[in-house]
1. Report the residue count in the range 360-370 for those that are surrounded by fewer than 20 Cβ atoms within 10 Å (Cβ to Cβ) and either free of Cβ contacts under 8 Å to residues at least 40 places away in the same chain or within 14 Å of the chain's Cα centre (by Cα) (or both).
2. Starting from residues that are hydroxyl-bearing (Ser, Thr, Tyr) and touching an Asp or Glu at 6+ places or on another chain (Cβ under 8 Å), keep the ones in the range 173-214 and report whichever is surrounded by the most Cβ atoms within 10 Å (Cβ to Cβ).
3. I'd like the residue in the range 229-243 that is surrounded by 15 or more Cβ atoms within 10 Å (Cβ to Cβ) and among the basic types (Lys, Arg) and, out of all such residues, is modelled with the lowest pLDDT.
4. Looking only at residues that are β-branched (Val, Ile, Thr) and in a strand (DSSP E or B) in the range 95-137, which one is nearest to Ile65 (Cα to Cα)?
5. Does Ile298 count as within 18 Å of the chain's Cα centre (by Cα), crowded, with 23+ Cβ neighbours inside 10 Å and under 27 Å from Met117 (Cα atoms)?
6. Please pick out the residue among Glu200, Glu246, Glu230 that is among the charged types (D, E, K, R), closer than 30 Å to Asn165 by Cβ and touching a Phe, Trp or Tyr at 6+ places or on another chain (Cβ under 8 Å).
7. Do we have Asn321 as assigned to a loop (DSSP other than H, G, I, E, B), under 15 Å from Asn277 (Cβ atoms) and out of contact with any Lys or Arg (no Cβ under 6 Å at 6 or more places or on another chain) here?
8. Starting from the range 207-221, keep only residues that are of a type in the set (A, V, I, L, M), then list their pairs with residues that are surrounded by 13 or more Cβ atoms within 10 Å (Cβ to Cβ) and part of a loop (DSSP other than H, G, I, E, B) whose Cβ atoms are within a distance under 9 Å, requiring at least 6 positions of separation or different chains.
Amino acid sequence: MSDINYHSKYLKYKTKYLELVNSSYMGGAALEAVKKESEVVVDLQPLSAPFDKIPSHDLPDIIHITIPKHMVKDIQNDNPRVVAFLKSNEIFKGVVEFFQDFFIRQFTQNKISDHSMISYRINEINIVSLNLLDDTYSILTMFFKYLNSRINPIYTHALTVALNNVRIERMTKIVELVESAEPDIICFQEVNSPMLPELEYKLGRSGFNNYIINKTLDTFIHNKVVYNREQFRTIFYKGKKLPPGEIMFTDKAQSYLIYNDILIFSLHITWKLNLVNPGPGRPQTQYNASRDQLKSFINSIISLGREHNILKIVLVGDTNNSAENLYNAIRSMELDDIVFQVHESQDSTFYVELNGSDKIDNLIDITLLPPRK
């Protein structure tokens, strides 16, 4: 559908919406009609599945890889002398090849990340979202949490080398799956610097000639030193260049753009924001702190929407919380000037469970209502 046709539909919808709301000051049947009008979202549909876990009994034996004692502490730091030592080790080369073969097989099964790619349609706009999995060293330790800590770094480093070697194949498969959904908007999380030019080139050939990324970089602490991490929330789109924006939420800059009068966020909430209800081992104060952070963010995006006369806001991506917990937390905020829904992905992530669920790729759909007089 062309932008012109869509815009005429949007204006018709907006006029009807305001007439309904103003007819009874947000009450009774008018409010119910507004809610019905706002429910224009098709349930999230998975386009891929997360990676399989690698059984420990399938891993190649690395017992004969002996790391010199003076290098052991440096293996997790990508120290050049450790990298050179492992690169020359024949057993290590075999481990890398094992992981490369594993991932190539996964790609043929449409398994491309530790998350599933999801798609949905809202107000005639088709949106695809995926947490790509930043294939850097520290993040990949999750594959081997069940292993002895002394050998874990060797496997993790081999996995990093393998993913680096198959990056082009993985990005190619990701773009293939994206294109199959014929999206208008593509929201990615955990895009790192080596991935970005591959995605820019491959998606550019399909007409996605523009994208935005967060300008404020993530940070991490190693040995009490703070480092920047080039890990981006990106949004790819077709057509004329739109002004980018971002809002800080927890420790990440959340990227957004306004596309066809919808405020769209590529969302990645830190795992530290835990919205699981209070209970044994989960004090009320911890829950309140997480809820207050979310409330501040929601209020910020509501203000942004009103500033730009936006009715519809969509936040999609890796929420690191269950849809139910997100819904309950937002509902408890008693925000009278919005109608909202939370939609849950149908597929689990690579993780068994995080913050109450293993289905943590969700969509928050917010419709702004005129402020009460």
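1. The number of residues fulfilling the criteria is 0.
2. Across the range 173-214, the extreme among qualifying residues is Tyr211.
3. Here the residue is Arg229.
4. Among them, the one singled out is Ile118.
5. When the stated conditions are applied, Ile298 does not pass them.
6. Glu200
7. Yes: the conditions hold for Asn321.
8. Final answer for the pair search is Ile212/Leu242; Ile212/Pro244; Ile213/Pro244; Leu217/Glu230.
The values are calculated or read from the model by the stated rules, or taken from the named source; none is laboratory data. Since this is a predicted model, take the numbers as computed values, not measurements. Glycine gets a Cβ as well: all are built from the backbone with ideal geometry, and neighbour counts include every protein chain shown.
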